[in-house]
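Below you'll find the structure, written out as structure tokens, and then a few comments.
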Ligand code: SF4
């Protein structure tokens, strides 16, 4: 394992990692980890870690659909674990902490979407994947930050209702105004991590004038506009940002996204430098090695309900429609 934690700490976690690896075999389980998990949860099995797959929301959704093991332990937040369960309902899906929420997902309910539909009859509703199953169940299609533009373009309507991310909706609308030729009716949800990338990015751009800025779609539109106007930034999904770093010769980047994505990128691109205000998602950080181990220990026991995702079957059926439509278009 790469050592950013100190030897004493690494020695203390070796028994936990070993037990997780053993229990995964015994209980026929896989671990799926999001890029915003702490780096220890992203180290793959073949590198001595615990993860079977690391990805962004779309990558994890696609992977979850094809998992063959009986049990999926999802190291991410609950709306993601719900999506995994909807896509592969014959498997058991567990999350190490049920309180791993998301400020975007909790900003809107199914009843809110129904009110929007009454207010704007006939206008299609696109739900960012960061929504709970009940909300997805009343939307026309889902999208992730990776496929949002393609999906928004697919509707003939000149108006789109986009939920729940205000900044992502504005950024999409601003960036593709002429190509999309659509008005966006946008919900007022915000990611409490990405909304914090404001003057801190401007000041880092002054300190590191040669650095390119990597901006996630969920960053405020004012920051995106400022960085793009200064001529050296790109806005995109997590996967877009990683691919851009891979494809360019530029060596220094300012990252406007979750702190541990910076650590992940440092591990992926050892010859490149990533500067970030290091703002972490407290929901993602509820998941750690210890509660991942606790989850695996609980599988097949009377305690497993504490970690197991369960959804109303009719909600699952309805929510599967917009998710699968998105996957078909991805
Ligand atoms: S980083 Fe933002 S969008 Fe992602 S889980 Fe955390 S609060 Fe939600």
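Data overview
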| read-out | value |
| --- | --- |
| Identity of the residue in the stretch 136-159, more than 16 Å from the ligand (Cβ to nearest atom) and under 19 Å from residue 319 (Cα atoms), that ends up surrounded by the fewest Cβ atoms within 10 Å (Cβ to Cβ) | 140 |
| Residues within the stretch 299-313 that are free of Cβ contacts under 8 Å to residues at least 60 places away in the same chain and over 17 Å from residue 84 (Cβ atoms), tallied | 4 |
| Any hit, the stretch 13-29, residues being crowded, with 19+ Cβ neighbours inside 10 Å and either under 23 Å from the mean Cα position of the chain (by Cα) or within 24 Å of residue 329 (Cα to Cα) (or both) | yes |
| Any helices (runs of 4 or more DSSP H) falling wholly within the stretch 1-112 and containing at least 3 residues that are more than 30 Å from residue 165 (Cα to Cα) and not assigned by TED's automatic domain parsing to the domain that holds residue 134 | 7-26 |
| Any hit, the stretch 262-271, residues being in contact (Cβ under 8 Å) with a residue 40 or more places away in the chain and either in contact with a strand residue (DSSP E or B) (Cβ under 8 Å, 6 or more places away or on another chain) or within 16 Å of the ligand (Cβ to nearest atom) (or both) | yes |
| Within the stretch 272-301, tally of residues that are surrounded by fewer than 19 Cβ atoms within 10 Å (Cβ to Cβ), in a loop (DSSP other than H, G, I, E, B) and within 16 Å of the ligand (Cβ to nearest atom) | 6 |
| Selection count, the stretch 181-206, where residues are more than 15 Å from the ligand (Cβ to nearest atom), under 17 Å from residue 151 (Cβ atoms) and in contact with a strand residue (DSSP E or B) (Cβ under 8 Å, 6 or more places away or on another chain) | 5 |
| Residue check for residue 127: touching a residue at least 60 places away in the same chain (Cβ under 8 Å) and within 13 Å of the ligand (Cβ to nearest atom) | no |
| Any hit, the stretch 316-327, residues being in contact (Cβ under 8 Å) with a residue 12 or more places away in the chain and part of a loop (DSSP other than H, G, I, E, B) | no |
| Yes/no for residue 173 being within 15 Å of the ligand (Cβ to nearest atom) and in contact with a helix residue (DSSP H, G or I) (Cβ under 8 Å, 6 or more places away or on another chain) | no |
| Scan of the stretch 64-81 for residues that are within 16 Å of the ligand (Cβ to nearest atom) and in contact with a strand residue (DSSP E or B) (Cβ under 7 Å, 6 or more places away or on another chain), ordered by number | 74, 75, 76, 80, 81 |
| Yes/no for residue 127 being in a helix (DSSP H, G or I), in contact with a strand residue (DSSP E or B) (Cβ under 6 Å, 6 or more places away or on another chain) and buried (at least 21 other Cβ atoms within 10 Å of the Cβ) | no |
| Matching entry among 38, 61 (being more than 16 Å from residue 287 (Cα to Cα) and within 15 Å of the ligand (Cβ to nearest atom)) | 61 |
| Any chance residue 215 is within 28 Å of residue 275 (Cβ to Cβ), away from the ligand (no atom under 16 Å from the Cβ) and in contact with a strand residue (DSSP E or B) (Cβ under 8 Å, 6 or more places away or on another chain) | no |
| Matching residues, the stretch 219-236, being surrounded by fewer than 24 Cβ atoms within 10 Å (Cβ to Cβ) and either within 13 Å of the ligand (Cβ to nearest atom) or over 16 Å from residue 209 (Cβ atoms) (or both) | 220, 221, 222, 225, 234, 236 |
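For (1) assigned by TED's automatic domain parsing to the domain that holds residue 71; (2) within 16 Å of the chain's Cα centre (by Cα); (3) within 26 Å of residue 98 (Cα to Cα), each residue gets a yes or a no:
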site: 218; (1), (2), (3): no, yes, yes
site: 234; (1), (2), (3): no, no, no
site: 248; (1), (2), (3): no, no, no
site: 267; (1), (2), (3): no, no, no
site: 289; (1), (2), (3): yes, no, yes
site: 296; (1), (2), (3): yes, no, yes
site: 304; (1), (2), (3): yes, no, yes
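The values are calculated or read from the model by the stated rules, or taken from the named source; none is laboratory data. Just so you know, these numbers come straight off a predicted model, no measurement behind them. Glycine gets a Cβ as well: all are built from the backbone with ideal geometry, and neighbour counts include every protein chain shown.
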